Amino acid sequence: MTPANPIVNVGNKTQEAGDAHGHQDMLAQLLSPLAQNDHVRGAIDVILNQMQLLSQELTGAKPPTQAGGETLHAWMDRAKAVRSRGGYFPYIGSGRGRGALVELIDGSVKWDMINGIGVHMFGRGDAGVTRACMEAALADVVMEGNLQFNADSVAFAELLIKEASRASALHYCFVTNSGCMANEAALKVCQQKRQGAPRVIAFSDCFMGRSVAMSQIGDEPGYRQGLTQNILVDYIPFYNADLGERSTEMALWHLQECIRRYPGQHSCFVFELVQGEGGFNVAPREFFVALMQACKAAGIPVWDDEVQTFGRTESMFAFEALGLGEFIDVVSIGKISQACACLYTADMNPKAGLLSGTFSASVTSLHAGLSMLSRLRDGGYYGANGRIANLHAAFRTKANDLVKRRGEFFPAVKKPFGRESKNFVSGVGGMMRLTPFGGDKDRIAKLLQNLFEDGVIAFMCGHGPHHLRFLPPIGVMTPEDFDPVFEILEKSLQRSA
Ligand SMILES: Cc1ncc(COP(=O)(O)O)c(C=O)c1O
């Protein structure tokens, strides 16, 4: 079971055990006078202690107790009434959780392997995160903006620039409140640099968010049905491990054809270095180098959409993990960082007026984001032997063992042109995938519902084959936590077969 993060008193300051290298001191400088008051800090400690006491009984998955006011189904009906359609799962959180465990309003407890699609990376009820939220809530406002902002906005951008600039020329940072808005900023920066060039190059199966522009670039027709289309997109096939080097040659050929066909008309090539919604597809460095070099030769800016990969690979930025920093002109990040951002080089710096807006992000998301990113940076998470790499290795060990023991759930995965694959376990870092039932969408959808009932929340990725997707809380999940998760998964696979 994920250990609780105990509150430890250090003089008249408090510190969450496991927080590394005094980044608390950095955060302390950002606090409002009220949040620095000793009485207030003592009260925060009391609250955190109570929070931990009240969550101690959460030690594993458990079925509903129906405790607490309205039932889950009544709340789901209310949700349906206001949203016009039901949720994917019958999920309403109670607001209580512990580590990788979340409690729902019906009293059931589940292992959360998707975490708001990759957002809650220190899981639930984490003392460090809750402390940061309480401290931020004591500021005089809820939201920071582009006209008036507090120190958190600046420190958040500084942390990102410092991490990014270690291995790239990224130099400036614009903070936003969604991944999609970070992408909108990135596209604007690229378009302005290229004097309004109308075309975008993207990978097949990419996903970029839900604005009018991003829905057009994302490679999923269902997400742009009925929209007016005014962005011209050229799709390049993503890396196909079955084809090896030939796959790189094919992608490069397609790119060169686009550049030849539409000279000077591309504002950027947007890269997802690990495809997220598209199926947790990975590619070797050489694949990206070939394409990025071709972009550079043609003067096409390289934009790296790290909204899903950010924080989760063996470096904070996936471009650093892959050694691609020299090619990157613009990068967008989100999810794990709580507030989102678009970073760009000095050469891409747009004219005044292009990037702004009422909100940047809430004080809470900026302060909690800073706290979480500092912990990830300083807590031994990154590197080939870091905690993220070890967690991924533990996932693979459990998943490969399951595939070996229960081969009946893992028929060959169907690929285009009648090809088959036996690559059932894949992903990188905190992005983990498993492909049962030959990658069949309907059967995996049924498995997800059964899993949910049995006590594990996961999700799907891929456009065919489809995969079971895990985005576990890398900040607090331990390799041992996979034991109960895989026990439940095996039972649910049996039920769904
Ligand atoms: C690669 C990628 N880009 C952009 C987005 C959009 O982010 P948001 O949903 O925060 O707007 C996502 C969301 O899943 C994503 O995976």
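The values are calculated or read from the model by the stated rules, or taken from the named source; none is laboratory data. Predicted model only: the values in this text are computed from it and were never measured. Cβ coordinates were reconstructed from backbone atoms using ideal geometry, including for glycine residues, and neighbour counts include every protein chain displayed.
Matching residues to (1) more than 15 Å from the ligand (Cβ to nearest atom); (2) in the same structural domain as MET214 (by TED's automatic domain parsing); (3) at pLDDT 95 or above; (4) assigned to a strand (DSSP E or B):
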{"residue": "TRP303", "(1), (2), (3), (4)": "no, yes, yes, yes"}
{"residue": "GLN308", "(1), (2), (3), (4)": "no, yes, yes, no"}
{"residue": "GLU314", "(1), (2), (3), (4)": "yes, yes, yes, no"}
{"residue": "SER332", "(1), (2), (3), (4)": "no, yes, yes, yes"}
{"residue": "ILE336", "(1), (2), (3), (4)": "no, yes, yes, no"}
{"residue": "ASP347", "(1), (2), (3), (4)": "yes, yes, yes, no"}
{"residue": "PRO350", "(1), (2), (3), (4)": "yes, yes, yes, no"}
{"residue": "LEU354", "(1), (2), (3), (4)": "yes, yes, yes, no"}
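Take the range 181-211 and flag every residue that is within 16 Å of the ligand (Cβ to nearest atom), closer than 21 Å to HIS266 by Cβ and not aliphatic (A, V, I, L, M). Walk me through it before giving the result.
Within the range 181-211, the subset within 16 Å of the ligand (Cβ to nearest atom) is 181-190, 200-211.
Filter once more, so that each one left must be closer than 21 Å to HIS266 by Cβ: 182-190, 200-209, 211.
Those that are within 16 Å of the ligand (Cβ to nearest atom), closer than 21 Å to HIS266 by Cβ and not aliphatic (A, V, I, L, M): ASN183, GLU184, LYS188, CYS190, PHE203, SER204, ASP205, CYS206, PHE207, GLY209, SER211.
Consider the range 150-171. How many of its residues are under 20 Å from ASP378 (Cβ atoms), of a type outside the set (A, V, I, L, M, F, W, C) and surrounded by fewer than 18 Cβ atoms within 10 Å (Cβ to Cβ)?
Looking only at that region, the number is 4.
Can you run down the residue pairs with Cβ atoms below 6 Å, 6 or more apart or on separate chains, where the first is in the range 410-426 and at negative phi and the partner is in a loop (DSSP other than H, G, I, E, B) and of a type in the set (Val, Ile, Thr)?
Between residues of the range 410-426 that are at negative phi and residues that are in a loop (DSSP other than H, G, I, E, B) and of a type in the set (Val, Ile, Thr), the close pairs are VAL413/THR435; PHE424/THR435.
Looking at GLY60 and the list (1) farther than 30 Å from PHE482 by Cβ; (2) assigned to a loop (DSSP other than H, G, I, E, B); (3) at pLDDT 95 or above, which single condition is not satisfied?
In the conditions (1) farther than 30 Å from PHE482 by Cβ; (2) assigned to a loop (DSSP other than H, G, I, E, B); (3) at pLDDT 95 or above, GLY60 misses (1) alone.
Exactly one condition in (1) closer than 30 Å to ARG433 by Cβ; (2) in contact (Cβ under 8 Å) with a residue 12 or more places away in the chain is false for GLU135; which is it?
Failing condition for GLU135: (1).
Condition first: closer than 11 Å to MET134 by Cβ and surrounded by 13 or more Cβ atoms within 10 Å (Cβ to Cβ). Now tell me which residues in the range 35-62 satisfy that.
ALA35, VAL40, ARG41, ILE44, ASP45, ILE47, LEU48, MET51
Does PRO221 count as loosely packed, with under 15 Cβ neighbours inside 10 Å and in contact (Cβ under 8 Å) with a residue 24 or more places away in the chain?
Details: loosely packed, with under 15 Cβ neighbours inside 10 Å: yes; in contact (Cβ under 8 Å) with a residue 24 or more places away in the chain: no.
Here the answer is no, as PRO221 does not meet what is asked.
Starting from residues that are among the polar types (S, T, N, Q) and crowded, with 21+ Cβ neighbours inside 10 Å, keep the ones in the range 250-302 and report whichever is nearest to VAL428 (Cα to Cα). Break it down stepwise before answering.
Kept after step one, since they are among the polar types (S, T, N, Q), are these residues of the range 250-302: 256, 265, 267, 275, 281, 293.
Now restrict to residues that are crowded, with 21+ Cβ neighbours inside 10 Å: 267, 275, 281.
On the way: SER267: 29, GLN275: 11, ASN281: 9 Å.
Checking each candidate, the answer is ASN281.
Can you name the number of the only condition in (1) out of contact with any helix residue (DSSP H, G or I) (no Cβ under 7 Å at 6 or more places or on another chain); (2) modelled with pLDDT of 95 or more; (3) within 30 Å of ALA412 (Cβ to Cβ); (4) hydrophobic (A, V, I, L, M, F, W, C) that ALA241 fails?
Condition (2) is where ALA241 drops out.
When the residues of the range 428-479 are narrowed to those that are free of Cβ contacts under 8 Å to residues at least 60 places away in the same chain and part of a strand (DSSP E or B), which ends up surrounded by the fewest Cβ atoms within 10 Å (Cβ to Cβ)?
Per the criteria, the residue is MET460.
Taking the conditions exactly as written (touching a helix residue (DSSP H, G or I) at 6+ places or on another chain (Cβ under 6 Å), of a type in the set (Gly, Ala, Ser) and more than 30 Å from ALA290 (Cα to Cα)), does SER371 satisfy them or not? Steps first, please.
On the way: touching a helix residue (DSSP H, G or I) at 6+ places or on another chain (Cβ under 6 Å): yes; of a type in the set (Gly, Ala, Ser): yes; more than 30 Å from ALA290 (Cα to Cα): yes.
Considered against the rule, which asks whether it is touching a helix residue (DSSP H, G or I) at 6+ places or on another chain (Cβ under 6 Å), of a type in the set (Gly, Ala, Ser) and more than 30 Å from ALA290 (Cα to Cα), SER371 comes out as yes.
Condition first: out of contact with any helix residue (DSSP H, G or I) (no Cβ under 7 Å at 6 or more places or on another chain) and outside the structural domain of GLU480 (by TED's automatic domain parsing). Can you find one or more residues in the range 124-134 that meet it? First the steps, then the outcome.
In the first step, residues of the range 124-134 are kept if they are out of contact with any helix residue (DSSP H, G or I) (no Cβ under 7 Å at 6 or more places or on another chain); the result is 124, 126.
Narrowing the set further to residues that are outside the structural domain of GLU480 (by TED's automatic domain parsing) leaves 124, 126.
Taking every residue of the range 124-134 in turn, at least one turns out to be out of contact with any helix residue (DSSP H, G or I) (no Cβ under 7 Å at 6 or more places or on another chain) and outside the structural domain of GLU480 (by TED's automatic domain parsing).
Got a sec? Which strands (runs of 3 or more DSSP E) wholly within the range 135-219 have at least 2 residues that are among the aromatic types (Phe, Trp, Tyr)? Please lay out each step first, then the result.
Numbers: elements: 143-145, 170-176, 199-203.
The qualifying strands (runs of 3 or more DSSP E) are 170-176.
Spot the failing condition for ASP304; the list is (1) touching a residue at least 40 places away in the same chain (Cβ under 8 Å); (2) within 15 Å of the chain's Cα centre (by Cα), and only one is missed.
Single failed check for ASP304: (1).
Is there a residue in the range 103-125 that is in contact with a His (Cβ under 6 Å, 6 or more places away or on another chain), surrounded by 15 or more Cβ atoms within 10 Å (Cβ to Cβ) and in a helix (DSSP H, G or I)?
No, the range 103-125 contains no residue that is in contact with a His (Cβ under 6 Å, 6 or more places away or on another chain), surrounded by 15 or more Cβ atoms within 10 Å (Cβ to Cβ) and in a helix (DSSP H, G or I).
I'm trying to understand the selection: among the residues of the range 249-284, which are within 15 Å of the ligand (Cβ to nearest atom), in contact with a Cys (Cβ under 7 Å, 6 or more places away or on another chain) and polar (S, T, N, Q)?
Matches in the range 249-284: GLN275 only.
Quick test for you: out of LEU370, LEU366, LEU402, pick the one residue that is within 16 Å of the ligand (Cβ to nearest atom), in a helix (DSSP H, G or I) and either at pLDDT below 95 or in contact with an Asp or Glu (Cβ under 7 Å, 6 or more places away or on another chain) (or both). Even if it seems obvious, please write down each step before you answer.
On the way: LEU370 fails: within 16 Å of the ligand (Cβ to nearest atom); LEU402 fails: within 16 Å of the ligand (Cβ to nearest atom).
When all the criteria are applied, what remains is LEU366.
Go through ARG199, ARG210 for me and flag whichever is within 30 Å of VAL413 (Cβ to Cβ), assigned by TED's automatic domain parsing to the domain that holds ASP152 and surrounded by fewer than 23 Cβ atoms within 10 Å (Cβ to Cβ).
Numbers: ARG199 fails: within 30 Å of VAL413 (Cβ to Cβ).
Unique residue meeting the criteria: ARG210.
Which ones in the range 1-34 are surrounded by 12 or more Cβ atoms within 10 Å (Cβ to Cβ), at pLDDT 80 or above and assigned to a loop (DSSP other than H, G, I, E, B)?
LEU30, LEU31, SER32
Residues of the range 339-358 being over 18 Å from ASN146 (Cβ atoms) and in contact with a strand residue (DSSP E or B) (Cβ under 8 Å, 6 or more places away or on another chain), which ones?
Keep residues of the range 339-358 that are over 18 Å from ASN146 (Cβ atoms), which gives 345-348.
Hits for the range 339-358 are THR345, ALA346, MET348.
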